[in-house]
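Asker: There's a structure below that I have some questions on.
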Amino acid sequence: QKKTKQHEFRAEVKQLLDILANSLYTNKEIFVRELVSNASDALDKVRFEINRGAEVRDKDLPLEIRISCDKEKKLLTITDTGLGLTEEEAINNLGTIAKSGSAEFMEQMAGEQNNLEGIIGKFGVGFYSVFMAAEKVVVKSQSYLPEAGPVAWSSDGSGVFELEDLEPGRQRGTVIEVHLKDDELSFAEADRLKDIIKRHSNFIGFPIYVEDEQVNTIPAIWREPKFSLKQEQYNEFYKFLTFDSQDPFETIHISVDAPVQFNALLFIPQTSHDMPGFNQERPGVDLYVQRVLIQKGNKDLIPEYLGFVRGVVDSEDLPLNISRETLQENLVLGKIAKNLTKQVVSHLQKMADKEPERYLEFWREHGKTFKLGYMDFANRERYAELLRFNSSASDDAEGLTSLAEYVERKKTDQNDIYYVSGPSREAFELNPHMEIFRKKGVEVLYLFEPLDEFALEALAKYKEYNFKSVEHADTKDLDKFESTEEDKKQTPLSSEDKEVFDRFLEHVKDVLGDRVTKVKVSTRLSDSPCCLVNPDDGMTSSMQKIMHIVNK
Ligand code: ADP
Ligand code: MG
C-alpha cells in the first residue's frame, strides 16, 4: 500500500522553473554539471560523516558516481552513493531554492532581465536546471541515517511535486532519473555525456563512470609539483572551480612545509564578480584535509581584503574529523591563514615591481576590495606599497601613482604626503584649499572614495612621511617652498591694508560667532575670496560628512 503525497513548489521555485522552461538558453548541457556536482557534494558529506565516526548506513560502499543512459527509453540516470535524502529533506531541499546556485541566479535575474544567457552559465542554476532538458524527473533516495526509509520524489517541473515511500532494502545514496524531452535525446548518448563530463566535471574528487567506464581523472592538481603542471591545466581547474568562462588573471601555487604543512592553489579572476547592490557573500576558498574536502568556501583562510581570491587549500596537519564548527578556533588553520595572506600579498608586490602595468590592471579590477586591508597590521608596509591613487601629477582621472612614486617626486624638505577627498577632479579644481598647492607645485593625492581616507588615516604615515589632508596643511609648511613664477608677482600687504583687514576680520568673527574658532588673513588663496580651514587635530570635512551619516 504505497502512499503518494502531492506538494506545491514554493513560489520562487515556480518562478525559476518558469524562467528555465521559457528560456532559449542553448547551452543546456550544464544541467549535467549541476547534477554531478550535487552528487559530489552528497559524497563529500557522507565521507565527512564516516570520518567523524557517525553511524552511517552501508559504510563500506565505494564512493562514486555512475551514469547510464537508454535512448529508447529516453532516459538518463545519475546514481551516487552519497548521503541521500530523507523524505523531509527531499521536501525541503528539492522544493525550495537552496543557498547557492539558484538563489544567486534569482537575485541576478531581478537586476539583469535581458542577460539570461550569461547568468545561467556563470552561476549554475542548481538542481532545477534539469528541467531545461527533462519532461519528468524522479529522484529515488536512501538516506545514510540508519533509521530513515527510502523515498521517491518526482515532478514534471510544473507547479507540483510528488512524494512516495519506496520498498525498503535499497542501498545508500540517490538515483536521479531524467526522462528527456523528445528534442533533447542526445543527452542519452554515452559519447555526448563523456564529453560533457570531461569538459565540466573533470576535477570532481570521486570517480565518475559513464556506462561503466571511468571518465574523469581526479588529480589533486594542487598537490602536484609546480614544474609538472602547464598553465592550461591550471586554467582548466580554475574554470571547473569557479564556472568562470575566462582564464584566471593570476595563478598562485603554494607549497609550504613549516611551520605547518599545506598546499594551496589560488587564483585571481580577471573580472571582479562583485555586483554592486547585491551584497554577495565573498566566495572564500575550499578547504581540504589530506585530500578530503572539508569545507567549501571557507572565509577564515583569506581575509576580506583579498576576497577576490578563489582556490583550494589542503593540509596534512589538520585532523580529518575536524568539525566545521571548531575550525574557526583551530590554531593550525590560523597559521595557514596568516601564511596564505603573506604569500598573496608578496605575490602582488612582485607583480607590482616587475610588471607595473599588469599590476595596475589588477588594481583597477580588484583595488576597491584590496583597500579594505588597512586593518591588517602584520602586512601594513606591503599594503601601503601596493596602494594606488590618482593625484594632481596625473593628467586625468585614469592615472595612478604609488606612494613610493609620490615620495620620489616630492619637494626636498617636504615631510608630509598631502591628500584631498572629493567626488571628482573637477571638484578639486574648485576647492580653495588646493590653490596654494597648485601655486607651489606640491603634489596632492586625489581620494575619490571614503575608504581611501580611512586607509590613509589608519596608516598615519608612509615611511617617515605623515599623511595630511590639504585642509590640515599649515601654510608655514608650504611657504618654504618656492612659488611658481606667477605667484611671485603677488604683492605683500601694506600696514595700512593690514589695519583695514584687522577690522574686517573682527567683524566677520562677530557675525560667525561660535561657528568658527578663528578668522585670519591667508596667503594660501589667490582666486577664491575665502576658505574654511580645519584645526590640525580635527577631522577633515569629508570624514565629518561620513561620521555624520554613520551616527544617524
Ligand atoms: P545547491 O547544490 O546549491 O545546494 P541545488 O539546487 O543544486 O542547490 O540542490 C538543492 C539541494 O538538493 C541540495 O542542497 C541537496 O540538499 C539536495 N540534493 C540535490 N541532489 C542531491 C543528491 N544527489 N544527493 C543528496 N542531496 C541532493
Ligand atoms: Mg548544486
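Asker: Could you go through segment 72-87 and let me know if any residue there is surrounded by fewer than 17 Cβ atoms within 10 Å (Cβ to Cβ), more than 9 Å from ligand 1 (Cβ to nearest atom) and either outside any strand (DSSP E or B) or at pLDDT below 95 (or both).
Answerer: Within segment 72-87 (the criterion being surrounded by fewer than 17 Cβ atoms within 10 Å (Cβ to Cβ), more than 9 Å from ligand 1 (Cβ to nearest atom) and either outside any strand (DSSP E or B) or at pLDDT below 95 (or both)), the answer is yes, since at least one residue qualifies.
Asker: Could I ask something else about it? Answer with yes or no whether K136 is touching a strand residue (DSSP E or B) at 6+ places or on another chain (Cβ under 9 Å), at pLDDT 85 or above, farther than 30 Å from A54 by Cα and more than 10 Å from ligand 1 (Cβ to nearest atom).
Answerer: yes
Asker: Which numbered condition in (1) within 16 Å of ligand 1 (Cβ to nearest atom); (2) touching an Asp or Glu at 6+ places or on another chain (Cβ under 7 Å) is the only one that L20 fails?
Answerer: (2)
Asker: Name the residues in segment 60-71 that are away from ligand 1 (no atom under 13 Å from the Cβ) and out of contact with any helix residue (DSSP H, G or I) (no Cβ under 6 Å at 6 or more places or on another chain), would you?
Answerer: Correct list: D60, L61, P62, S68, D70.
Asker: So, T4, is that one hydroxyl-bearing (S, T, Y), in contact (Cβ under 8 Å) with a residue 40 or more places away in the chain and under 25 Å from Q214 (Cβ atoms) or not?
Answerer: Here the answer is no, as T4 does not meet what is asked.
Asker: Quick one: in segment 333-379, which of the residues that are closer than 17 Å to Q270 by Cα and of a type in the set (D, E) is nearest to the chain's Cα centre (by Cα)?
Answerer: E365
Asker: Would you confirm whether any residue within segment 31-39 is away from ligand 2 (no atom under 16 Å from the Cβ), at pLDDT 95 or above and either among the β-branched types (V, I, T) or in contact with an Asp or Glu (Cβ under 7 Å, 6 or more places away or on another chain) (or both)?
Answerer: No, segment 31-39 contains no residue that is away from ligand 2 (no atom under 16 Å from the Cβ), at pLDDT 95 or above and either among the β-branched types (V, I, T) or in contact with an Asp or Glu (Cβ under 7 Å, 6 or more places away or on another chain) (or both).
The values are calculated or read from the model by the stated rules, or taken from the named source; none is laboratory data. Because the structure is a prediction, the values reported are computed rather than measured. In this analysis, Cβ positions are derived from the backbone assuming ideal geometry, glycine residues included, and neighbour counts consider all displayed protein chains.
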